[in-house]
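Colleague: Please see the structure below; I have some questions.
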Amino acid sequence: MSMQLNPEAIKFAKQLIQDGKIKNDEGHWGQHNPDTSQENKFLEKHEITEYGQWHLGQDTSKGEDTKGRYHFPYGDFKTVHRDGLIAAKERAAQQGYQDIEKAADELLQALEKQAAK
């Protein structure tokens, strides 16, 4: 696997946070993470590049037009979730993807700052 930081996702997430499209939720990301059915419904109406913007990592060994390329989701296709960023940060740390871990942490800090306003 050739996992890399997805710069388009970082830019997109920052804009969503700045626009206040956030969920400062408590709980477990598993309660909010879109399932396969929700992902497929999103892809029926949107391009794969838009799908990719909701994932902090991309496996460059997979085709750009496949769902399998995108990893470390952080939102529900509408808002950035605090617990999604926490989950992405923790999983990236466990798997040794320091750039993704750092990006998730920075986004998490930006979300918490925005939520405090």
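Colleague: I want to check the label-to-label distance for residue 49 and residue 105. Put each point 7 Å from Cα in the C-beta direction and report it in nm to one decimal.
Modeller: The answer from the label model is 3.2 nm.
Colleague: Which order results if 29, 54 are arranged by neighbouring Cβ count within 10 Å, fewest first?
Modeller: So the ranking, lowest neighbour count to highest, is 29, 54.
Colleague: Give me the Kirkwood hydrodynamic radius of the stretch 3-115, using the inverse of the mean 1/r over all pairs of distinct Cα atoms, in Å to one decimal.
Modeller: Hydrodynamic radius (Kirkwood, Cα pairs) of the stretch 3-115 is 13.8 Å.
Colleague: Ok, one more. Give me the aspartates and glutamates in straight-line cross-link reach of residue 45: C-alpha distance below 17 Å, same-chain residues under 8 apart excluded.
Modeller: Output for residue 45: 35, 65, 76.
Colleague: Arrange the following residues from fewest to most other Cβ atoms within 10 Å of their Cβ: 50, 39, 64.
Modeller: 64, 50, 39
Colleague: From the residues 74, 114, 57, which one has its Cα farthest along the dipole of the chain in the positive direction, the dipole being from +1 and -1 charges on Cβ of Lys/Arg and Asp/Glu about the Cα centre?
Modeller: Positive-most Cα among the choices belongs to 114.
Colleague: Let me ask something else about it. Grab the other residues whose beta carbon is less than 9 angstrom from that of residue 26, score K and R as +1, D and E as -1, and report the net.
Modeller: Neighbour charge sum, excluding residue 26 itself: -1.
Any read-out appearing in this document is the output of simple, stated calculations on the displayed coordinates, not a laboratory observation. Note that this is a predicted model, so its numbers are computed, not measured. All Cβ positions, even for glycine, are placed from backbone atoms using ideal geometry, and neighbour counts span all protein chains on display.
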